[in-house]
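The values are calculated or read from the model by the stated rules, or taken from the named source; none is laboratory data. What you see is a predicted model, and the numbers here were worked out from it, not measured in a lab. Cβ coordinates were reconstructed from backbone atoms using ideal geometry, including for glycine residues, and neighbour counts include every protein chain displayed. These accessible areas exclude ligands, DNA and RNA; they are computed on the full protein's heavy atoms, side chains included. Shrake-Rupley method; radii C 1.70, N 1.55, O 1.52, S 1.80 Å.
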Amino acid sequence: MTGIDFLASFIATGRLHGLVTGSPLGEVDRAIPHRFVDVVDEGGESLRRDYGFVEFYFNLNHAGRWVMSGGSIELHRLAFGYDRAAEWARATGVDFPRYVAWKDVQEALGRIPGAPAFKVAAQGGFLEHRAAGVSVIVVDDEEEERGYHAGHGDLWSVSLWTPAPTR
């Protein structure tokens, strides 16, 4: 599968390799057959699992088990570390290009029935396109050129998020 089609599906469904917020750590282990580094916070209450350019975030649930609270694809990391994409493709079957243009992902989203509408907000050189459970960050600085980093109009990251609970 191409990275463009994968991202469009991820954005439209809020599922990353079948995973959603609330997925237990064991499901992540089964879904992502790739090497990783775990970083647990000092209090032992949150975990970040880093696969190179893909990260998952976990919190302990009421039973003391790790459950996914979010995740992100840090596409900007591919510009200077494209070998990460090749490793990911071998492990998951998803082939990402070195740079991902937002217009290409938008075109792919246009082919998916029920694709989300976005609220857009400027964020100092970036645009955030937010839909239910998904945030897409796009480089919006017209002077940014592709090189060792993403250029104007390229995706910086795509993230799953869960609204903070209200009391």
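Please go through region 15-51 and give me each residue that is buried (at least 16 other Cβ atoms within 10 Å of the Cβ) and either in contact with a Pro (Cβ under 9 Å, 6 or more places away or on another chain) or β-branched (Val, Ile, Thr) (or both), ordered by number.
21, 28, 32
Kindly check whether there is at least one residue in region 77-92 that is without any contact (Cβ under 8 Å) to a residue 60 or more places away in the chain and in contact with a strand residue (DSSP E or B) (Cβ under 8 Å, 6 or more places away or on another chain).
Scanning region 77-92, I find at least one residue that is without any contact (Cβ under 8 Å) to a residue 60 or more places away in the chain and in contact with a strand residue (DSSP E or B) (Cβ under 8 Å, 6 or more places away or on another chain), so the answer is yes.
Exactly one condition in (1) under 17 Å from residue 109 (Cα atoms); (2) modelled with pLDDT of 90 or more is not met by residue 29; state its number.
So residue 29 meets the others, but not (1).
Sort out which residues of region 17-52 are in a strand (DSSP E or B) and farther than 16 Å from residue 85 by Cβ, and write them in order of number.
Scanning region 17-52 gives 19, 24, 37, 38, 39, 40, 46, 47, 48, 49.
Among (1) closer than 24 Å to residue 162 by Cβ; (2) open to solvent by less than 40 Å² (accessible area, probe 1.4 Å); (3) modelled with pLDDT under 95; (4) out of contact with any Ser or Thr (no Cβ under 8 Å at 6 or more places or on another chain), which single condition is residue 77 missing?
Single failed check for residue 77: (2).
Within region 52-74, is there a residue that is open to solvent by 30 Å² or more (accessible area, probe 1.4 Å), over 27 Å from residue 101 (Cβ atoms) and in contact (Cβ under 8 Å) with a residue 60 or more places away in the chain?
yes
I'd like to know if region 146-160 contains one or more residues that are open to solvent by 30 Å² or more (accessible area, probe 1.4 Å), out of contact with any strand residue (DSSP E or B) (no Cβ under 9 Å at 6 or more places or on another chain) and either of a type outside the set (A, V, I, L, M, F, W, C) or under 22 Å from residue 31 (Cα atoms) (or both).
yes
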